[in-house]
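The values are calculated or read from the model by the stated rules, or taken from the named source; none is laboratory data. Note that the structure is a prediction, hence the values are computed from the model and not measured. No Cβ is skipped: glycine too gets one built from the backbone with ideal geometry, and neighbour counts run over all protein chains shown. What goes into the accessible areas is simple: the full protein's heavy atoms, side chains included, and nothing from ligands, DNA or RNA. Shrake-Rupley method; radii C 1.70, N 1.55, O 1.52, S 1.80 Å.
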Amino acid sequence: MTTTQVRAACPHDCPDTCALLVTVENGVATEVKGDPDHPTTAGVLCTKVSRYTERTYHPDRLLYPMRRTGKKGEGKFERISWDEALDTIAARLKEIAARAPQAILPYSYCGTMGLVQGESMSARFFNKLGASLLDRTICATAGGTGYRYTIGASVGTDMEQFQDAKLIIIWGGNPIASNLHFWTRVQEAKRRGARLIAIDPYRSLTAEKCHQHIAPMPGTDAALALGIMHVLFRDGLLDHDYIAQHTLGVEQLRERAAQFPPERVAAICGIGTAEVEGLAREYGETALRGEPVAIRMNYGVQRVRGGGMSVRAIACLPALVGAWRHAAGGVQLSSSGSFPTNKAALQRPDLIQGQLPRTINMATIGDDLLNSGSPAFGPKIEAVIVYNANPLAIAPDSGKVMQGFAREDLFTVVMEHFQTDSADYADILLPATTQLEHVDAHTSYGHLYLVANNAAIAPLGEAKPNTEVFRLLAQRMGFDEPCFRESDDELAAGSMDRGDARAVHFDWESLKSRGWQKMNMPAAPFANGGFYTPSGKCEFYSEQMLKDGLDPLPAYIEPYESAASNPALAAKYPLAMISPPQRNFLNSTFVNVASLRATEGEPHLDLHPDDAAARGILNGDLVRIFNDRGSFVAKSRVTPKARRGLVVGLSVWWKKLAADGKNANEVTSQRLTDMGRGPTFYDTLVQVEKASGVPA
């Protein structure tokens with residue numbers, strides 16, 4: 001028996017980006033565990049990834065190319081050869097590209113976060129083809145945009161410093177479920193005497209373990225941040241020296257914050273005035289004692305109309321109190337800007353010939369697939385190539401998404417591990433390799449380590465890496481540029497900008513051998529200013545925002561769907577709904593792993609006892625959740641974890657695994673955020689009623 005251990009990386013859309021050790025016996029992966037030497041993984045994996053071999057060797061893995069034989073959505077296919085599949089795809093794309101290349105659309109996101117199997121060879125292929133560009137906004141663009149206007153780049157507090165903070169505010173996240181290794185640092189800080197405060201509409205697993213939980217209504221976080229600023233200015237809880245040296249626009253910000261006294265903020269957020277006052281004073285007083293105060297902000301904050309402004313307002317707080325002076329102070333939203341990724345080398349935008357193609361927003365795919373074409377929109381979408389994504393499950397306003405993919409005149413290719421909801425609508429279905437079967441390089445948005453992924457086993461069946469599929473398609477399309485012949489190792493070797501000081505020691509071969517490497521970043525990135533903004537300061541006032549047609553100061557923007565902004569809609573649909581991740585799923589990944597799905601059981605809806613009583617709903621009742629966009633059913637859990645006026649549908653379930661063939665995205669909208677063109681999943685009003693049975 002031959003046993004080896006292979007260094008790898010977790011590929012999933014999670015800030016932890018764990019370093020893995022894969023045990024292989026006679027060519028079969030038998031165990032996946034965390035690398036004990038990697039400082040952030042520390043030998044620990046989440047429940048999901050610790051069972052990764054279950055996913056790789058799942059009996060339902062797609063192993064061969066297939067062609068649709070039934071109606072779209074029925075999921076009926078027959079096996080074909082790779083040559084037949086690739087010839088069919090190339091022929092159809094050639095025909096469309098000859099007259100309207102922008103009628104072809106890639107649809108992908110973070111099924112893998114890898115720089116190689118994500119957007120490298122695929123981007124080169126679509127750039128050369130002249131296809132429509134995809135605005136990949138489904139997760140983080142609103143918050144990322146607001147943060148960059150303020151800080152200048154997606155750079156913040158190093159995760160490895162949080163255990164030294166004395167006050168940690170976890171704002172809009174549930175790290176026990178989605179940022180486990182950060183949570184271990186928080187627990188260490190707690191043991192050292194730190195105070196933990198969770199700000200979340202829902203009493204999540206994380207909120208339950210904090211000293212205090214503040215539950216504002218969804219979409220009101222910017223008002224809460226401005227209320228904190230009001231108290232900081234009013235009570236003089238400011239680091240005047242840091243503000244003078246390293247910020248821009250403090251007097252304008254003071255005037256704006258004056259409009260948000262705690263009483264007004266409490267009314268907007270649906271919380272107590274004392275909660276606003278107490279939070280602000282604790283934050284300011286702790287900082288002024290010279291103790292590190294840190295905010296871990298997550299993406300739940302920004303999935304509403306004013307999501308970008310919410311993140312921007314929160315990101316202003318550390319500079320007001322001088323929190324950036326400490327390595328364990330400041331704020332983290334994402335660390336992705338710490339990596340000098342060479343996107344131009346990976347994706348080759350220079351391959352685009354002539355005018356830049358139009359851009360389609362992945363969050364509005366429902367409307368866009370149903371658009372028949374116009375001078376403003378451009379040509380009707382005639383072909384969609386789906387990889388690293390499951391739009392039928394994860395895109396908002398799911399009923400329209402399904403209608404769009406059900407078009408018989410739409411040519412759809414899906415590259416997948418399993419027959420997902422989206423795969424059921426494919427004309428050609430291609431088997432993709434999992435992380436254990438290909439090479440990749442990974443940055444992180446939660447820590448500062450670049451992580452290598454070596455292929456641990458040979459591809460199962462006839463599965464191929466994404467890169468190889470696009471190389472083969474490029475050959476059939478007649479694309480003869482040398483870049484289409486680069487290997488995965490060559491792509492990885494060119495993934496970092498070697499001229500950037502942060503990656504000065506980057507070498508792909510040594511990284512593959514060692515497994516991981518920390519970027520060259522200062523422990524306290526803004527202790528002495530040096531923000532990445534045009535002014536080099538934390539910009540409370542942003543000239544760039546003014547040029548972009550936005551309010552240059554932090555502002556509170558009401559949700560699209562609330563009693564304040566739309567009383568008539570709120571009278572009809574009085575409950576706000578959010579759909580955060582299930583602990584044992586990762587977006588729509590892992591839903592089909594039986595051991596993980598069994599833990600979750602079935603789709604549930606959490607609602608407050610008062611809201612349940614008003615509707616005659618008992619714990620365990622089947623309920624229907626609905627609005628004008630659609631409906632879905634779930635089993636009720638009557639619990640005070642959901643605040644009054646809020647229901648929580650933990651997600652994202654595959655539709656085909658739900659009793660009614662639907663999920664929470666039946667009721668979410670395609671409206672976009674204030675900046676960054678992101679989706680507004682948590683800006684949703686619904687009504688809930690007892691369901692007599694599962695609707696057809």
Can you list the residues, at least 5 places off or on another chain, whose amide H is less than 5 Å from the amide H of Trp516, using H built in the peptide plane? Ala452
Say each of Gln252 and Leu370 gets a label point 7 Å from the Cα, pointing the same way as Cα to Cβ; how far apart are those two points in nm? 4.1 nm
Starting from 0.36 nm per residue, how many nanometres of slack lie between Asp480 and His211 once their C-alpha separation is accounted for? 90.7 nm
Pairs Lys76/Lys662; Lys72/Lys662; Lys94/Lys656; Lys400/Lys656; Lys128/Lys343; Lys76/Lys656: which exceed 23 Å Cα-Cα? Lys94/Lys656
So what is Rg over Rh here for the chain, counting just Cα atoms and using Kirkwood for Rh? 0.95
Through the Karplus equation 6.51 cos²θ - 1.76 cosθ + 1.60, θ set to phi - 60°, convert the phi angles of region 431-439 into ³J(HN,Hα) values in whole Hz; use x for Gly and Pro. x, 9, 6, 8, 4, 6, 10, 8, 9
Net charge near Glu561: determine it from the other residues with C-beta under 12 Å of the C-beta of Glu561, scoring Lys and Arg +1 and Asp and Glu -1. +1
Measuring from label point to label point, each 7 Å out along Cα→Cβ, what is the Glu462 to Asp628 span in nm? 4.9 nm
What whole-number distance in Å separates the alpha-carbon centres of region 237-289 and region 135-176? 19 Å
Using a Förster distance of 51 Å, how high is the FRET efficiency between Asp507 and Arg67, based on the Cβ-Cβ distance and rounded to 0.05? 0.70
Average accessible surface area per residue within region 395-442, 1.4 Å rolling probe, Å²: 18 Å²
Can you pull the accessible area of Glu689 for me, 1.4 Å probe, Å² to the nearest 10? 70 Å²
Beta bridges by DSSP in the chain, antiparallel share as percent, to the nearest 5: 50 percent
How much area per residue is accessible in region 1-160 when the probe is 1.4 Å and only protein heavy atoms are counted (Å²)? 35 Å²
Rel. contact order, % - alpha carbon contacts under 8 angstrom, at least six apart, region 1-65: 22 percent
Quick one: ranking Glu255, Glu188, Glu416 by accessible area, 1.4 Å probe, largest first, what do you get? Glu255, Glu188, Glu416
May I ask you to give the percent of accessible area on the chain that is carbon plus sulfur, with a probe radius of 1.4 Å? 49 percent
Can you tell me what share of the DSSP beta bridges in region 521-669 is antiparallel? A percent to the nearest 5 is fine. 55 percent
Per the 1/(1 + (r/R0)^6) rule, R0 = 41 Å and r from the Cβ atoms of Thr4 and Asp235, FRET efficiency to 0.05 is 0.10
Arg281 accessible area, nearest 10 Å², 1.4 Å probe? 90 Å²
Report, by chain and number, residues whose modeled amide H sits under 5 Å from the one on Val386, excluding near sequence neighbours (fewer than 5 apart, same chain). Tyr107, Val413, Val414, Met415
Suppose each label sits 7 Å from its Cα in the direction of the beta carbon; what would the Tyr532-Leu546 distance come out to in nanometres? 2.4 nm
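Given a 1.4 Å probe and heavy atoms of the protein chains only, how would you sort Asp409, Asp427, largest accessible area at the top? It would help to have the intermediate numbers written out before the result.
Numbers: Asp409 70, Asp427 25 Å².
Largest accessible area first, the list is Asp409, Asp427.
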Could you calculate the contour length gain from Ala523 to Ala344, that is, 0.36 nm times the residue separation minus the distance between their Cα atoms, to one decimal place in nm? 61.6 nm
In straight Cα distance, which lysines are under 30 Å from Lys190, not counting same-chain residues fewer than 8 positions off? Lys33, Lys48, Lys166, Lys209, Lys518, Lys641
Rolling a 1.4 angstrom probe over the protein chains, ignoring ligands and nucleic acids, what is the accessible area of Glu602 in square angstrom, nearest 10? 70 Å²
Applying 1/(1 + (r/R0)^6) with R0 = 30 Å to the Cβ-Cβ distance of Glu285 and Arg644, what FRET efficiency is obtained, to the nearest 0.05? 0.45
For region 549-671, report the accessible area per residue in Å² (1.4 Å probe, heavy atoms, rounded to an integer). 37 Å²
